[in-house]
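The values are calculated or read from the model by the stated rules, or taken from the named source; none is laboratory data. The model shown is predicted, which means the values in this text are computed figures rather than measured ones. Here the Cβ positions follow ideal geometry from the backbone for every residue, glycine too, while neighbour counts run over all protein chains shown.
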Amino acid sequence: MLFAESEFIIRCIMKNTEKLYSELGKRILVLDGAMGTMLQRYNFQDEDYRGERFKDWPSPLKGNNDLLTLTQPQAIEEVHRKYLEAGADIIETNTFSGTTVAMADYHMEHLVRELNIESARIARKVCDEFTAKDPGKPRFVAGSMGPTNKTASLSPDVNDPGYRAITFDELKIAYRQQAEALLDGGADILLVETVFDTLNAKAALFAIDELQEARNVSIPIMVSGTINDASGRTLSGQTAEAFLISVSHVNLLSVGFNCALGASQLTPYLETLAHNSGFFISAYPNAGLPNAFGQYDESPEFMAEQIREYVEKDMINIVGGCCGTTPAHIKAIAELVKDFAPRKVKDFAKSQ
């Protein structure tokens, strides 16, 4: 990248970071809903994922939603637009699996930089359109950085507990590539999400920290974990409080939870974060728990009522939806939270 381009990107990040913190001080910001749920409605087949460019690819590509950024960009843009029309302030890039680690399943590691840059550019374009129409309600792009399909803390082989399918350094390198491309494409925020193994997240955070130092810029970072089940722990065994402690050494924009559970089931774990953190708190739960067919049954109105407890208890600053949620869910949530003040962030360092 040219020096002038790098300087321009840094100035944009700094300018939008000021706006982001300003908005968080005024109101609860609304995150978008599920990309995968919306893409399922298009009923794309393997040939749609391939497009003309990848029509002769030797392995199946159906299910590689990140690739749709290149082969069906109009669909990705349309999904972003629907969530912004519904009232979202922050939209996530279509890059949940945009690392060399995850893309190895499709033998497409070489596309990682392009996928992330183009995904961020699409989101940036639509966000800027909506901000231009209503400058009093700026919209922001969160670069989605998913957990990958490998875990650094646990062995995938029950017969060899000491085996690891990936190392910390391998994850760090992969996340650094993704983070750089997301920023170069125009992301305002880096969102390390659906964290089931905090060691994976630490690799991402270490990579982002290296990037901040290399570019001499402070990047807003959101971290969102996922509680695995009613035990209240992540897949790697951490409680909500342990998860918070293990990422609190980083200067985060927000910490929170998403996925796995519905809104009501997530409440006690969000309370733990809200009562013990000096960061902004985010939450984007599923539309309830999946039924026997893997579908999500909670209506927009019902889900919004579940989230009412979050705002009445002063627990959140950023809220949206994960699996099963649609623009209708986000609209209902946006309508609800506009009448509530954001959670007040305490300085725990000074109070102790």
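Only one of (1) of a type outside the set (Val, Ile, Thr); (2) within 20 Å of the chain's Cα centre (by Cα); (3) farther than 23 Å from Leu211 by Cα fails for Tyr21. Which number is that?
(3)
Which condition does Trp57 not pass, out of (1) closer than 23 Å to Ala204 by Cβ; (2) out of contact with any strand residue (DSSP E or B) (no Cβ under 6 Å at 6 or more places or on another chain); (3) not polar (S, T, N, Q), if it passes all the others?
(1)
Which of (1) surrounded by 22 or more Cβ atoms within 10 Å (Cβ to Cβ); (2) out of contact with any helix residue (DSSP H, G or I) (no Cβ under 7 Å at 6 or more places or on another chain); (3) assigned to a loop (DSSP other than H, G, I, E, B) does Gly324 not meet, given it meets every other one?
So Gly324 meets the others, but not (2).
Could you tell me which of the residues Asp32, Asp66 is touching a residue at least 12 places away in the same chain (Cβ under 8 Å), within 25 Å of Asp339 (Cβ to Cβ) and surrounded by 20 or more Cβ atoms within 10 Å (Cβ to Cβ)?
Being touching a residue at least 12 places away in the same chain (Cβ under 8 Å), within 25 Å of Asp339 (Cβ to Cβ) and surrounded by 20 or more Cβ atoms within 10 Å (Cβ to Cβ) holds for just one of Asp32, Asp66, which is Asp32.
Being in a loop (DSSP other than H, G, I, E, B), at pLDDT 95 or above and either over 22 Å from Phe280 (Cβ atoms) or within 22 Å of the chain's Cα centre (by Cα) (or both) narrows it down to one of Ala187, Ala181, Ala174, so name that one. Before you say what the answer is, go through the steps one by one.
Values: Ala181 fails: in a loop (DSSP other than H, G, I, E, B); Ala174 fails: in a loop (DSSP other than H, G, I, E, B).
None of the other options fit; the residue is Ala187.
Could you list all residues from the stretch 148-182 that are in contact with an Asp or Glu (Cβ under 7 Å, 6 or more places away or on another chain), in contact (Cβ under 8 Å) with a residue 60 or more places away in the chain and crowded, with 18+ Cβ neighbours inside 10 Å?
Thr151
Only one residue in Met35, Met14 is modelled with pLDDT under 95, among the hydrophobic types (A, V, I, L, M, F, W, C) and out of contact with any Pro (no Cβ under 9 Å at 6 or more places or on another chain). Which one? Full working, then the answer.
Working: Met35 fails: modelled with pLDDT under 95.
Matching residue, one of Met35, Met14: Met14.
Restricting the search to the stretch 287-321, which residues are hydroxyl-bearing (Ser, Thr, Tyr) and surrounded by fewer than 24 Cβ atoms within 10 Å (Cβ to Cβ)?
Answer for the stretch 287-321, where residues must be hydroxyl-bearing (Ser, Thr, Tyr) and surrounded by fewer than 24 Cβ atoms within 10 Å (Cβ to Cβ): Tyr296, Ser299.
Which condition from (1) closer than 16 Å to Ile28 by Cβ; (2) over 21 Å from the mean Cα position of the chain (by Cα) is the one that Ile307 breaks?
If we test Ile307 against (1) closer than 16 Å to Ile28 by Cβ; (2) over 21 Å from the mean Cα position of the chain (by Cα), just (2) comes out false.
Name the residues in the stretch 126-145 that are surrounded by fewer than 22 Cβ atoms within 10 Å (Cβ to Cβ) and either in contact (Cβ under 8 Å) with a residue 60 or more places away in the chain or within 22 Å of Thr226 (Cβ to Cβ) (or both), would you?
Pro138
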